[in-house]
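Student: My questions will all concern the structure given below.
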Amino acid sequence: MKTFRCGDVVPGCLREFVGRDREDVLAQVGEHARRDHGLQPDEDLVRAVEERLRDA
Ligand SMILES: [Zn+2]
């Protein structure tokens, strides 16, 4: 399992994500970024998320 804390990239955001693998977390984060932050997930965002994934 992998976890990611959105606040590590977007200061102040309290959302945390848990997924079975990298792709699962990235899909959830991509949707959250679009819906809650108005961000279009691009290469930089994906890289920022990948660098901060933790094993759970
Ligand atoms: Zn967020």
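Student: I'd like the orientation of helix 22-37 relative to the chain: the angle between its Cα long axis and the longest Cα principal axis, in ° from 0 to 90, rounded to 10.
Tutor: With both axes taken from Cα atoms, the answer is about 20 degrees.
Student: In addition: Pull up all non-local amide H partners of Leu39: gap of 5 or more, or a different chain, and H-to-H distance under 5 Å with H placed in the peptide plane.
Tutor: Those lying under 5 Å, H to H, from Leu39 are Arg34.
Student: Calculate the dipole size of the stretch 2-55 relative to its Cα centre from +1 charges on Lys and Arg beta carbons and -1 charges on Asp and Glu beta carbons; express the result in debye to the nearest 20.
Tutor: Here the size comes out at about 200 debye.
Student: What are the ³J(HN,Hα) couplings of the stretch 2-18, residue after residue, when phi is run through the Karplus curve with 6.51, -1.76, 1.60 and θ = phi - 60°? Round to Hz, x for glycine and proline.
Tutor: Listing the rounded values in order: 10, 10, 8, 10, 4, x, 5, 10, 10, x, x, 7, 9, 5, 10, 10, 10 Hz.
Student: Right, something else. If each residue's Cβ is checked for other Cβ atoms within 10 Å, how do His37, His32 rank with the fewest at the top? Intermediate values should be presented prior to the final figure.
Tutor: Working: His37 15, His32 18.
Lowest to highest Cβ neighbour count: His37, His32.
Student: Run through every distinct alpha carbon pair of the chain and return the Kirkwood hydrodynamic radius in angstroms, one decimal place.
Tutor: Mean inverse Cα-Cα distance, inverted, gives 10.9 Å.
Student: Same structure again: Please rank Phe4, Phe17, fewest neighbouring Cβ atoms within 10 Å first, as an exposure proxy.
Tutor: Working: Phe4 25, Phe17 19.
So the ranking, lowest neighbour count to highest, is Phe17, Phe4.
Student: Also, quick follow-up: If we count other beta carbons within 10 Å of each Cβ, what is the order of Asp36, Asp44, fewest first? Intermediate results must be reported in sequence, preceding the final value.
Tutor: Values: Asp36 12, Asp44 8.
The fewest-first ordering by Cβ neighbours comes to Asp44, Asp36.
Throughout, read-outs are computed from the coordinates displayed, never taken from laboratory work. Please read all numbers here as calculations on a predicted model, not as lab measurements. FYI the Cβ positions are ideal-geometry reconstructions off the backbone, even for glycines, and counts take in every protein chain you see.
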